[in-house]
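Taking it in order: structure first as structure tokens, then the write-up.
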Amino acid sequence: MRLTEHPVLDFQKKRGRKITIYFEGQPVEAYEGETIVMALHAAGIRVLGYSVHKHRPRGLFCAIGKCSSCLMTVNGIPNVRTCITLVEEGMDIRMQQEKPILPKNAKPPEWREAEKVSGDIVIIGGGPAGLMAAINAADAGAKVILLDENPMLGGQLVKQTHKFFGKREQFAGVRGIKIAEILEEEVRKRENIEIFLETSAIMLLQDGDEKLVVGVRKNKELVEFRGKAVIVATGAMEKMIPFEGNDLPGVYGAGAIQTLMNTYGVKPGDRVLIVGAGNVGLILAYQLIQAGVEVRAIVEAMPKIGGYFVHAAKVRRLGVPILTRHTILRAEGKEKVERAVVAQIDERWRPIPGTEKVFDVDVIALAVGLRPSIELLHQVGCQIKYVPELGGHVVIRDSRMETTIRGIFVAGDSAGIEEATTAMLEGKIAGIAAALEISSASPEWLKEIEKAQKELDEFRAGPFGRKVLEGIKKVVVE
Amino acid sequence: MIKLNIDLEKINPEEVFICGCDVTLKDILDLIDQGITDIQLIKRLTHVGMGFCQGRYCIDTVARIIAWKTGKDLKEIKLPVARTPIRPVKMKVMADEE
């Protein structure tokens, strides 16, 4: 179901031209500018295919092109990530049931040189960190190449309908979706930033003094990006937790639900159980209610609510119970989620028999944390370290966001899980530091780095920054 | 200490999925019971981390399960090698055929 009325967003204005796509031969209404999976979901299609070995139904999970739950055959091409592929008139979408068969008499392809694009700094990721890095590096005189695998810029800001905290220069009081628009406008008006959307970075290599980023555009075209420095701002991935039936369609990452309802105006379901009472879980509950979805409960394994008290109070006032010291035991349903069974847990985190509760829900939202996306940095050989305060494995870096490999920088959630505000500040630091290192920036820019570092310190000085600061101590080396 | 709220006696680990490509909790636990606690080896034996997500969805969970079962600190658990391409790409694209 599509949302027509929303207190914050106007989807009627946002939706493109109405077109028709075909799911298993049946016509489905879609709008230009939305991804395949969003159009299918709006038409009530939750099962996107079946797994190869056990033929389990598969549905959306991350919605940002990182997991593998949304693979479908599109216009005859198997294994297309339908969550980041835009709809086109007349598209033929098919479910996958088994491993696609390789054509027996196919000839080996002929080798052809890839397209080459050169710049000073290559930035991977067009979210808050990448956009700020691009703006600042460009202003400091560098020729910037910016790539992102999604069809739109803004990263996860495009789904954040809430207003930001912090200081005025850090967009306090402005909604995330608006910040995405402002940053995109800034990036687009700079002539020395070249943007590549729907382009995945698949390798990061050192080639003499140069850095080489191999990209794939729209799944079909190889592009070589060369620069003197690289900034990796690849964000994060939703964490998964083990419970029975956790692969059923209808078990979504919290971010996927936000993408559905806040970016594309598609109702994720009718009744939702949220797992995790951190800020994401609490804000998600509020946003679901705004979109007219019923939130049955929030379960939280910790004895206390993790998120801001104001958010928790607001959600409770709206009648949503928050069950602390509770966990999800299993998801039940035939082809998709129909019920969730939760139970209380003891001090040793073991479910207490007899405390089971059943919720009739069609969506289970996992808001159990994020993990930095460090694959490219790990692959190129940057030193990594496990730091629980920052969400998992992160790369070792200095206070200017440079990793253990000269000329490779990191920023945003891929440097450790925090907030969009800190991602923007880290992006600014990384962008300027990279420009300084390749000598395109004048030394006055050093002051701007110091200013951003001070703002970061101030932002992290709050109660929620304490944990992050502990983590930062473990990874920042000079 | 790693806390995973699982009571192994009450659940069916074959119904708990670690990876989108059909690797279950049982597959992982069986290997750990045999003394295999290295993710690189678990990857080769179960294909966890070798699918379309290239470990984004599953490796972190595998690491937490190993830590939970063995009592090791997550710091001691090594990630499997990250190889190029970091996500699957058709050979045709790699050769850049027109």
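If you take just the strands (runs of 3 or more DSSP E) that sit entirely in the range A:345-384, which of them hold at least 1 residues that are farther than 30 Å from B:Arg87 by Cβ?
Strands (runs of 3 or more DSSP E) meeting the threshold: A:357-359.
Can you tell me which residue among A:Asp148, A:Asp139 is over 20 Å from A:Gly235 (Cα atoms), surrounded by 17 or more Cβ atoms within 10 Å (Cβ to Cβ) and at pLDDT 95 or above?
Answer to the selection: A:Asp139.
Please give the number of the condition A:Val337 fails out of (1) touching a residue at least 60 places away in the same chain (Cβ under 8 Å); (2) outside any loop (DSSP other than H, G, I, E, B); (3) closer than 30 Å to A:Gly292 by Cβ; (4) out of contact with any Ser or Thr (no Cβ under 9 Å at 6 or more places or on another chain).
Failed condition: (2).
Of all residues in the range A:110-128, which are within 12 Å of chain B (Cβ to nearest Cβ) and either open to solvent by 80 Å² or more (accessible area, probe 1.4 Å) or part of a loop (DSSP other than H, G, I, E, B) (or both)?
Residues satisfying the conditions are A:Glu110, A:Trp111, A:Arg112, A:Glu113, A:Ala114, A:Lys116.
Scan the range A:15-47 for residues that are more than 21 Å from the chain's Cα centre (by Cα) and farther than 26 Å from A:Glu98 by Cα and jot them down.
A:Arg15, A:Gly16, A:Arg17, A:Lys18, A:Ile19, A:Thr20, A:Glu29, A:Ala30, A:Tyr31, A:Glu32
Within the bounds of the range A:424-432, is there any residue that is over 20 Å from A:Leu376 (Cα atoms) and in contact with a Pro (Cβ under 8 Å, 6 or more places away or on another chain)?
Yes, the conditions are met somewhere in the range A:424-432.
Please go through the range A:48-68 and pick out each residue that is touching a residue at least 40 places away in the same chain (Cβ under 8 Å) and under 23 Å from the mean Cα position of the chain (by Cα).
Listed by number, the residues that qualify are A:Leu48, A:Gly49, A:Arg58, A:Gly59, A:Leu60, A:Phe61, A:Cys62, A:Ala63, A:Ile64, A:Gly65, A:Lys66, A:Cys67.
Between A:Lys99, A:Lys107, which is over 21 Å from A:Leu197 (Cα atoms), surrounded by fewer than 22 Cβ atoms within 10 Å (Cβ to Cβ), of a type outside the set (Val, Ile, Thr) and without any contact (Cβ under 8 Å) to a residue 24 or more places away in the chain?
A:Lys107
Does A:Glu194 qualify as being farther than 16 Å from A:Lys428 by Cα, of a type outside the set (Lys, Arg) and away from chain B (no Cβ under 14 Å)?
It is true that A:Glu194 is farther than 16 Å from A:Lys428 by Cα, of a type outside the set (Lys, Arg) and away from chain B (no Cβ under 14 Å).
Within the range A:36-45, which residues are in contact with a Lys or Arg (Cβ under 9 Å, 6 or more places away or on another chain) and either surrounded by fewer than 24 Cβ atoms within 10 Å (Cβ to Cβ) or modelled with pLDDT under 95 (or both)?
Result: A:Ala42, single match.
Does the range A:376-404 hold any residues that are open to solvent by less than 40 Å² (accessible area, probe 1.4 Å), within 14 Å of chain B (Cβ to nearest Cβ) and of a type in the set (A, V, I, L, M, F, W, C), and which are they?
Selection gives A:Leu376, A:Leu377, A:Val380, A:Cys382, A:Val387, A:Leu390, A:Val394, A:Val395, A:Ile396.
Could you look through the range B:33-44, keep only residues that are in a helix (DSSP H, G or I) and exposed (fewer than 15 other Cβ atoms within 10 Å of the Cβ), and pick out the one that is farthest from the other protein chains (Cβ to nearest Cβ)?
B:Leu41
All but one of (1) more than 21 Å from A:Lys385 (Cα to Cα); (2) over 21 Å from the mean Cα position of the chain (by Cα) hold for A:Val477; state the number of the condition that does not hold.
(1)
May I ask you to list the residues in the range B:49-83 that are more than 10 Å from chain A (Cβ to nearest Cβ), under 20 Å from A:Val380 (Cα atoms) and open to solvent by less than 70 Å² (accessible area, probe 1.4 Å)?
B:Gly49
Condition check: surrounded by fewer than 20 Cβ atoms within 10 Å (Cβ to Cβ) and touching a residue at least 12 places away in the same chain (Cβ under 8 Å). Does A:Glu294 satisfy that?
Yes: the conditions hold for A:Glu294.
Can you tell me which residue among A:Leu204, A:Leu131 is crowded, with 23+ Cβ neighbours inside 10 Å, in contact (Cβ under 8 Å) with a residue 60 or more places away in the chain and assigned to a helix (DSSP H, G or I)?
The conditions single out A:Leu131.
The values are calculated or read from the model by the stated rules, or taken from the named source; none is laboratory data. Keep in mind the model is a prediction, meaning the values are calculated, not measured. Cβ atoms come from the backbone with ideal geometry, glycine included; neighbour counts cover every protein chain shown. With ligands, DNA and RNA removed, areas are computed over all heavy atoms of the protein, side chains included. Shrake-Rupley method; radii C 1.70, N 1.55, O 1.52, S 1.80 Å.
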